[in-house]
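Participant: This structure is in structure tokens; I'll ask about it shortly.
Bear in mind that the values in this text are calculations on the coordinates, not laboratory data. Source: prediction; values computed, not measured. Virtual Cβ from ideal backbone geometry, glycine too; neighbours counted across all protein chains shown.
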Amino acid sequence: IPAPRIQLNDGQSIPQLGLGVFKVEAGEAERVTSDALEVGYRHIDTASFYGNEAEVGRAIAASGVARDEITVTTKLWNTDQTRAHEAFDESLERLGLESVDLYLIHWPQPMYGEALGAWRSLIEIVGSGRASSIGVSNFEIEHLQQLLEETGVVPAVNQIELHPMHQRRELVQFCREHDIAVEAWGPLSQGKSDLLERDAVVEAAAAHGKTPAQVVIRWHVQHGTIVFPKTSKRERMVENADVFDFALTDAEMAALDAYETGRGFGADPRTFDLR
Ligand code: NAD
């Protein structure tokens with residue numbers, strides 16, 4: 001997969017396209033990760049909350065692909081923000097890895113006020129070399145600002161719900177200004193909208209001989225976003241990664257941009273409280 005690499009603010013780089021394994025059923029994640037590595041994926045996005053780190057790790061070990069060619073992201077779960085070192089060790093243990101490429105705080109959980117302490121722990125973890133990069137997920141501008149002001153350490157990425165119906169323009173602008181790479185979760189809107197049937201998507205697909213999913217993934221790529229659409233199906237893995245041999249026109253990009261609705265399908269990070 002000829003995915004370009006995105007340069008992070010800490011000198012590391014990661015492939016712009018990968019595979020997400022949220023809601024890949026238990027018992028399936030090892031096969032799914034193996035398939036992805038076989039068809040050429042080199043970037044896997046998991047989380048302790050997904051319950052499949054061990055399977056992801058087994059697939060990596062069995063793949064024969066050199067460890068340093070694979071970008072592995074995992075995340076600190078909400079209940080672990082006050083025990084980040086232990087939770088990180090447990091993730092490494094399940095993954096069977098000596099280090100991860102990217103370790104993220106999964107949600108800010110501002111009602112508990114624990115994310116700043118967790119961020120200080122991640123700073124120690126990256127200092128230990130067991131995570132190459134550290135970042136956050138679902139952080140709004142005010143949550144990012146707190147980390148910047150209190151620690152001066154800028155997250156390498158912010159992983160947020162992002163797709164044509166929910167483009168987070170103000171937050172994305174803030175991230176760009178602070179050199180925080182933006183990762184899109186729910187890049188296809190998680191199948192919760194009619195995005196793949198919308199006129200501009202279907203028309204662009206026909207014009208380029210591509211599928212609607214490829215058009216939406218390409219839209220992310222051209223906006224410079226890091227993207228890891230989820231699928232368990234091997235042929236869709238191939239499809240979703242085959243987006244580097246065409247380009248949407250400015251008019252096609254603008255037509256997808258126009259699908260902004262101002263709201264997403266996921267939880268509001270300011271109030272989301274799951275533990
Ligand atoms: P997604 O937008 O990637 O949608 C996945 C769904 O799209 C699949 O279930 C499938 O039904 C459909 N799909 C995939 N490929 C398709 C194709 N080629 N044609 C038609 N339909 C297709 O949603 P997601 O899985 O929620 O997001 C991707 C990844 O982002 C996750 O797997 C996970 O790694 C990450 N994520 C992170 C958070 C977070 O809070 N940080 C939240 C949700 C997801």
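Participant: Checking residue 188 against (1) farther than 30 Å from residue 148 by Cβ; (2) out of contact with any Pro (no Cβ under 6 Å at 6 or more places or on another chain); (3) not polar (S, T, N, Q), which test does it fail?
Facilitator: Condition (2) is where residue 188 drops out.
Participant: List, please: which pairs have Cβ atoms under 9 Å, are six or more places apart or on different chains, and start with a residue in the range 189-200 that is without any contact (Cβ under 8 Å) to a residue 60 or more places away in the chain and end with one that is of a type in the set (Val, Ile, Thr)?
Facilitator: 196/202; 196/211; 196/215; 196/216; 200/215
Participant: Please enumerate the residues belonging to the range 1-55 that are within 11 Å of the ligand (Cβ to nearest atom), of a type outside the set (Val, Ile, Thr) and not in a loop (DSSP other than H, G, I, E, B).
Facilitator: Correct list: 19, 20, 29, 43, 45, 49, 50.
Participant: Does the range 56-96 hold any residues that are charged (D, E, K, R) and either within 15 Å of the ligand (Cβ to nearest atom) or touching a residue at least 40 places away in the same chain (Cβ under 8 Å) (or both), and which are they? Give the steps one after another, and end with the answer.
Facilitator: Within the range 56-96, the first condition is being charged (D, E, K, R), and the residues that meet it are 58, 67-69, 75, 80, 83, 86, 89-90, 93-94.
Result: 75, 80, 90, 94.
Participant: Determine if the range 193-200 includes at least one residue that is out of contact with any helix residue (DSSP H, G or I) (no Cβ under 8 Å at 6 or more places or on another chain), farther than 22 Å from residue 6 by Cα, among the hydrophobic types (A, V, I, L, M, F, W, C) and surrounded by fewer than 19 Cβ atoms within 10 Å (Cβ to Cβ).
Facilitator: No, the range 193-200 contains no residue that is out of contact with any helix residue (DSSP H, G or I) (no Cβ under 8 Å at 6 or more places or on another chain), farther than 22 Å from residue 6 by Cα, among the hydrophobic types (A, V, I, L, M, F, W, C) and surrounded by fewer than 19 Cβ atoms within 10 Å (Cβ to Cβ).
Participant: Then there is this: When you scan the range 67-101, how many residues do you find that are crowded, with 20+ Cβ neighbours inside 10 Å and among the basic types (Lys, Arg)?
Facilitator: Within the range 67-101, residues that are crowded, with 20+ Cβ neighbours inside 10 Å and among the basic types (Lys, Arg) number 1.
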